[in-house]
């Protein structure tokens, strides 16, 4: 086996899909990609993932989703909240493999400061929300709870999806007209990333191998074998660690963004189950995306983000009204928590206009 083939195998093993659906980016594909993108900004600058706002009030909430599974979230209320007023509201979804304490709490608080009622949730099977086995994949979004609140105007509910949740909110909005305005940040199309990998660098043979491995694992688990996990962010760096993995490591494996929910373990953080992650092969969030129109859509991505292809493709296919915002100098993970790079004014203006 050649050195290049060994490198490819190691990357396929560690990158997987995980926190942002790194997919199975081939060595050849990653080299071509590196030539197209400038280096990401310094990963140590300006991050504030665990931001605590003094301008909003927060409460933990729990409710049943449509499958009668408990969903846990953090509800943020704007300053001078008036229980007799009906507010516009926004559901905020965390990156794939993350939990509400990673990115979505930050976005939810910043938007609550601007007068919205916001809800940062743990997706089912992740964080504090119910679901067994843990870390199973179930793309969904929840507006039921917000719509039931007397202080929320159910005709003015928006959704914001970060990373993998960006594709989740698009998929959900196609069949849920209660979502009046849809925004994504650093979006990953979890389906395309799993089927094709970044820059379409995964072959059909590689895809079929992953599917076969997941099917065999289902047999093993049905017979009582242990659950197998895949993808996610590496737990240590070495000289051969891929630059994209380094980008995620700086967030998920350092104090910048590291968070392990109660009852979980750092070893499993960001890693989905192999048998459920394969479901993304059948996930086509951009199919019929134009049917969301005329509800407005906003796509925000960094101009240096390795994932920008997904926002560009969604924008190309979406109907009007739509807008694509490229953040100068920003990489993919930068927009998780680098508060000086995130275009708060653009997000606020989008939701104010379209949830008026």
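Quick check on the stretch 37-53. Is at least one of its residues within 30 Å of residue 201 (Cα to Cα), assigned to a helix (DSSP H, G or I), over 22 Å from the mean Cα position of the chain (by Cα) and at pLDDT below 95?
No, that holds for no residue.
Which of the residues belonging to the stretch 166-199 are buried (at least 24 other Cβ atoms within 10 Å of the Cβ), touching a strand residue (DSSP E or B) at 6+ places or on another chain (Cβ under 9 Å) and assigned to a helix (DSSP H, G or I)?
166, 167, 168, 169, 170, 173
Please go through the stretch 290-323 and give me each residue that is free of Cβ contacts under 8 Å to residues at least 40 places away in the same chain, touching a helix residue (DSSP H, G or I) at 6+ places or on another chain (Cβ under 7 Å) and over 15 Å from residue 167 (Cα atoms), ordered by number. Walk me through how you get there before you give the answer.
Of all residues in the stretch 290-323, those free of Cβ contacts under 8 Å to residues at least 40 places away in the same chain come to 290, 293-294, 303, 308, 312, 315-323.
Of the ones still in play, those that are also touching a helix residue (DSSP H, G or I) at 6+ places or on another chain (Cβ under 7 Å) are 290, 317-319, 322.
Once the filter is applied, which keeps residues that are free of Cβ contacts under 8 Å to residues at least 40 places away in the same chain, touching a helix residue (DSSP H, G or I) at 6+ places or on another chain (Cβ under 7 Å) and over 15 Å from residue 167 (Cα atoms), the stretch 290-323 yields 319, 322.
Kindly establish whether residue 74 is at pLDDT below 90 and under 21 Å from the mean Cα position of the chain (by Cα).
Details: at pLDDT below 90: no; under 21 Å from the mean Cα position of the chain (by Cα): yes.
In short, no.
If only one of 241, 275 is closer than 25 Å to residue 338 by Cα and either buried (at least 19 other Cβ atoms within 10 Å of the Cβ) or touching a helix residue (DSSP H, G or I) at 6+ places or on another chain (Cβ under 8 Å) (or both), which one is it? Give the steps one after another, and end with the answer.
On the way: 275 fails: closer than 25 Å to residue 338 by Cα.
Residue meeting the stated conditions: 241.
What residue, of 95, 88, is in a strand (DSSP E or B), at pLDDT 90 or above, under 24 Å from the mean Cα position of the chain (by Cα) and crowded, with 19+ Cβ neighbours inside 10 Å?
88
If you check 153, 130, 82, which single one turns out to be touching a strand residue (DSSP E or B) at 6+ places or on another chain (Cβ under 9 Å), farther than 22 Å from residue 233 by Cα and assigned to a loop (DSSP other than H, G, I, E, B)?
The conditions single out 130.
So residue 217 clears everything in (1) within 16 Å of residue 96 (Cα to Cα); (2) buried (at least 18 other Cβ atoms within 10 Å of the Cβ) except one condition, right? Which one?
For residue 217, the exception is condition (1).
Answer with yes or no whether residue 267 is surrounded by 19 or more Cβ atoms within 10 Å (Cβ to Cβ), out of contact with any helix residue (DSSP H, G or I) (no Cβ under 8 Å at 6 or more places or on another chain) and either in contact (Cβ under 8 Å) with a residue 60 or more places away in the chain or part of a loop (DSSP other than H, G, I, E, B) (or both).
Considered against the rule, which asks whether it is surrounded by 19 or more Cβ atoms within 10 Å (Cβ to Cβ), out of contact with any helix residue (DSSP H, G or I) (no Cβ under 8 Å at 6 or more places or on another chain) and either in contact (Cβ under 8 Å) with a residue 60 or more places away in the chain or part of a loop (DSSP other than H, G, I, E, B) (or both), residue 267 comes out as no.
Mind counting the residues in the stretch 324-356 that are farther than 23 Å from residue 51 by Cα, in contact with a strand residue (DSSP E or B) (Cβ under 6 Å, 6 or more places away or on another chain) and either part of a strand (DSSP E or B) or free of Cβ contacts under 8 Å to residues at least 40 places away in the same chain (or both)?
2
Being surrounded by fewer than 22 Cβ atoms within 10 Å (Cβ to Cβ) and under 17 Å from residue 187 (Cα atoms) narrows it down to one of 343, 285, 294, so name that one.
343
Are any residues in the stretch 252-264 touching a helix residue (DSSP H, G or I) at 6+ places or on another chain (Cβ under 9 Å) and either crowded, with 22+ Cβ neighbours inside 10 Å or without any contact (Cβ under 8 Å) to a residue 12 or more places away in the chain (or both), and if so, which ones?
Passing the criteria: 252, 257, 258.
The values are calculated or read from the model by the stated rules, or taken from the named source; none is laboratory data. Just so it is clear, the structure is predicted and the values come from calculations on it, not from any experiment. Here the Cβ is made from the backbone with ideal geometry for all residues, glycine too, and neighbour counts use every protein chain on show.
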